[in-house]
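As structure tokens, the structure follows; a few thoughts come after it.
The values are calculated or read from the model by the stated rules, or taken from the named source; none is laboratory data. Not measured: the values here are computed from a predicted model. Virtual Cβ from ideal backbone geometry, glycine too; neighbours counted across all protein chains shown.
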Amino acid sequence: MTAYTRTEHLRHELAEQIRNGTLKPGERIMSEARLAEEYQVSRGTVRRALEQLKKAELIETRMGSGSYVAFNGGDMSGPDGWTSASLRSGAPTTTELLSIALVGRPLALEGESECERFYEIARRRLFRSTPVSYEVSYLPAIPALREVIERMEGLVDGSISKTMKQAGLQAASGYMDVSADRLGPIAQALEKTPETVFLLSERHNFSDDGTLVEYVRSFLDPSHFTLHVTAGENGGNHGDR
């Protein structure tokens, strides 16, 4: 058996374990040394196999920690946002509704929305009982949305997307900014210290006519979420630099 076929064999074995659920999303893969011993191959073969799995977005490598099963390559750029990617991938994730309140227009929306009142909806997501994200959505408090929330005494089936759909709020386009920031006052909800730094995404969604229908601020645990940027066919990034 050549080195190439050993690499392919190991890659196939690990990929199959990931796809059939033997290796769960977020689970740490055994070390290179243990894999080499288990499959009777060299460390170089192990590294090549892991690199192929990483390119296939089946695993992710964390500096000084090892390789972990990814959320099956869940795309976080869709209309449901980053924190829904783990749900679409089948990862064992639960969502907790923390609060719903009527508030004034957020400063971040000055010049983007004429609506003066918004529903502020705070939620957190947990991966195997560990908090991994804290999300606050702002929805314009139009009469149709008020009627739905008051009638349901909350969200439709606990879902912001379903609630928006019933109220006629449909996102057709949007943009997202990503940075990093300290958790500050929300640290307790994520069982972290206020100085802990998380990824911060701010997503603006608009209807077909350009009306803002949703603004979302999400704090994401960087050990569970990865920013992946794809360039255009010509190799250049699009947008302002």
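Assorted remarks:
- Candidate set from segment 38-73 (those that are among the β-branched types (Val, Ile, Thr) and within 21 Å of the chain's Cα centre (by Cα)); member that is surrounded by the most Cβ atoms within 10 Å (Cβ to Cβ): 59
- Every pair of residues 6+ apart whose Cβ atoms lie under 9 Å, when the first sits in segment 176-187 and is assigned to a strand (DSSP E or B) while the second is of a type in the set (Gly, Ala, Ser): 176/77; 176/81; 176/201; 177/201; 178/201; 179/201
- Where strands (runs of 3 or more DSSP E) sit wholly within segment 16-125, those with at least 3 residues that are at pLDDT 90 or above and of a type in the set (Gly, Ala, Ser) occupy 93-104.
- Taking the criterion of being farther than 13 Å from residue 13 by Cα and in contact (Cβ under 8 Å) with a residue 40 or more places away in the chain, the only residue of segment 29-44 that qualifies is 44.
- Scanning segment 145-161 for residues that are out of contact with any Pro (no Cβ under 9 Å at 6 or more places or on another chain) and either within 13 Å of residue 217 (Cβ to Cβ) or surrounded by 13 or more Cβ atoms within 10 Å (Cβ to Cβ) (or both) gives 145, 146, 148, 149, 152, 154, 155, 156, 158, 159, 160.
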